[in-house]
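Enquirer: What follows is a single structure, and I will ask about it in a moment.
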Amino acid sequence: MRRRRRFQLEALESRLCLAGPQPYPGTPFALPAGPWTSTPFVGSPIFADLNSDGKDELITPVAGGKLMAFSYGPNGGIVPYQTYDTGVTGFNIKTTPVVVTMPNGRKAVFAALMGDEANPNSLTDGRVFGWDAQTGALLPGWPQDTGFAAPNQNHSGVIAPLASGDLDGDGTPEIVVASLSNFVTAYHLDGSVMWRVYTNDTNQSGPVIGDIDKDGKNEVVFGSDTSPGEFFQAGGFVNIYNWDGTPRYQIHTDEVIWSSPVLVD
């Protein structure tokens, strides 16, 4: 039986390295648009089959508000497949993107922008984008904002990984985004907001979607900070929300939760 090759993938400043365990032919290679600037955050690359040919493409954020997908060339090397452009060159995609299957069977790519840390108030409502995976064209109804919280205008946009999953049971996934502007939002694939909840503080933890109580309906789980107040002086929360955005319960922790949760049986 043929063993599948497993790769280790790293984004190294403005370069991409593919190894398994030795560097893959043609890597590392320089990414277009040069190095990232003024940020400690860089979105992680992912693998996904974008054209349903049974072979995965490689999707990675690049500087200048873009994602790029790469595929295998005729000689086995890495070649550009498609570019997904936000049209907003002053900011970068610092989220890990997600790939979903649309009702028409085509694949779609979703990612979000974050404001420029060196320029406060530069992107006060965030942006979430959806593209056709094959053509690179923006999908109807996108981009969408992530909400705006006036007390927190200096921290905007999204750095947490995006999540996808079927929340309303119609067989079509929703996109869930946790933003630095204190909101977590669930979007339908047409860009309409299914629900939006205000959290106590910034959200750097990516949401995860899963049926935690075996009732046949998915819940949304994410971590968050908590500001000093009447009930809690510091720390964070693990938050559990029902499929429809109604709160289920919170688990208070002594430290902030910036990592994404993992759900297991």
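The values are calculated or read from the model by the stated rules, or taken from the named source; none is laboratory data. Just so it is clear, the model here is predicted, and its values are computed rather than measured. Here the Cβ positions follow ideal geometry from the backbone for every residue, glycine too, while neighbour counts run over all protein chains shown.
Enquirer: For the structure I just gave you, tell me whether Q250 is out of contact with any Phe, Trp or Tyr (no Cβ under 8 Å at 6 or more places or on another chain) and modelled with pLDDT under 90. Step through it out loud before you land on a result.
Expert: Numbers: out of contact with any Phe, Trp or Tyr (no Cβ under 8 Å at 6 or more places or on another chain): no; modelled with pLDDT under 90: yes.
When the stated conditions are applied, Q250 does not pass them.
Enquirer: Residues that are part of a loop (DSSP other than H, G, I, E, B), over 30 Å from F70 (Cβ atoms) and modelled with pLDDT under 85: does segment 126-143 have at least one?
Expert: Taking segment 126-143 first, the residues part of a loop (DSSP other than H, G, I, E, B) are 126, 133-137, 139-143.
Restricting the remaining residues to those that are over 30 Å from F70 (Cβ atoms) gives none.
Scanning segment 126-143, I find no residue that is part of a loop (DSSP other than H, G, I, E, B), over 30 Å from F70 (Cβ atoms) and modelled with pLDDT under 85, so the answer is no.
Enquirer: Would you say P21 is under 23 Å from A108 (Cβ atoms) and either modelled with pLDDT under 80 or part of a strand (DSSP E or B) (or both)? Explain how you work it out, then say what you get.
Expert: Values: under 23 Å from A108 (Cβ atoms): no; either modelled with pLDDT under 80 or part of a strand (DSSP E or B) (or both): yes.
Judged against the criteria, P21 is not a match.
Enquirer: Hey, among the residues in segment 71-118 that are among the basic types (K, R) and within 30 Å of S259 (Cβ to Cβ), which one's modelled with the lowest pLDDT? Spell out how you get there, then give the answer.
Expert: Here is the first cut: in segment 71-118, the ones among the basic types (K, R) are 94, 106-107.
Cutting the leftovers down to within 30 Å of S259 (Cβ to Cβ) gives us 94, 107.
On the way: K94: 84, K107: 97.
Going through the qualifying residues, I end up with K94.
Enquirer: Sort out which residues of segment 244-258 are under 19 Å from the mean Cα position of the chain (by Cα) and surrounded by 18 or more Cβ atoms within 10 Å (Cβ to Cβ), and write them in order of number.
Expert: Correct list: I257 only.
Condition check ((1) in contact with a Gly (Cβ under 7 Å, 6 or more places away or on another chain); (2) part of a strand (DSSP E or B); (3) at pLDDT 95 or above) across all residues:
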| residue | (1), (2), (3) |
| --- | --- |
| A160 | yes, no, no |
| V184 | no, yes, no |
| Q204 | no, no, no |
| K214 | no, no, no |
| E230 | no, no, no |
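Enquirer: Could you check, for segment 188-203, whether at least one of its residues is within 15 Å of M102 (Cα to Cα) and in contact with a Ser or Thr (Cβ under 7 Å, 6 or more places away or on another chain)?
Expert: Yes, segment 188-203 contains a residue that is within 15 Å of M102 (Cα to Cα) and in contact with a Ser or Thr (Cβ under 7 Å, 6 or more places away or on another chain).
Enquirer: Which members of segment 51-91 meet the condition of being in contact (Cβ under 8 Å) with a residue 40 or more places away in the chain, in contact with a Gly (Cβ under 9 Å, 6 or more places away or on another chain) and part of a loop (DSSP other than H, G, I, E, B)?
Expert: Within segment 51-91, S52, A63, G65, G76, G77, T86, F91 qualify.
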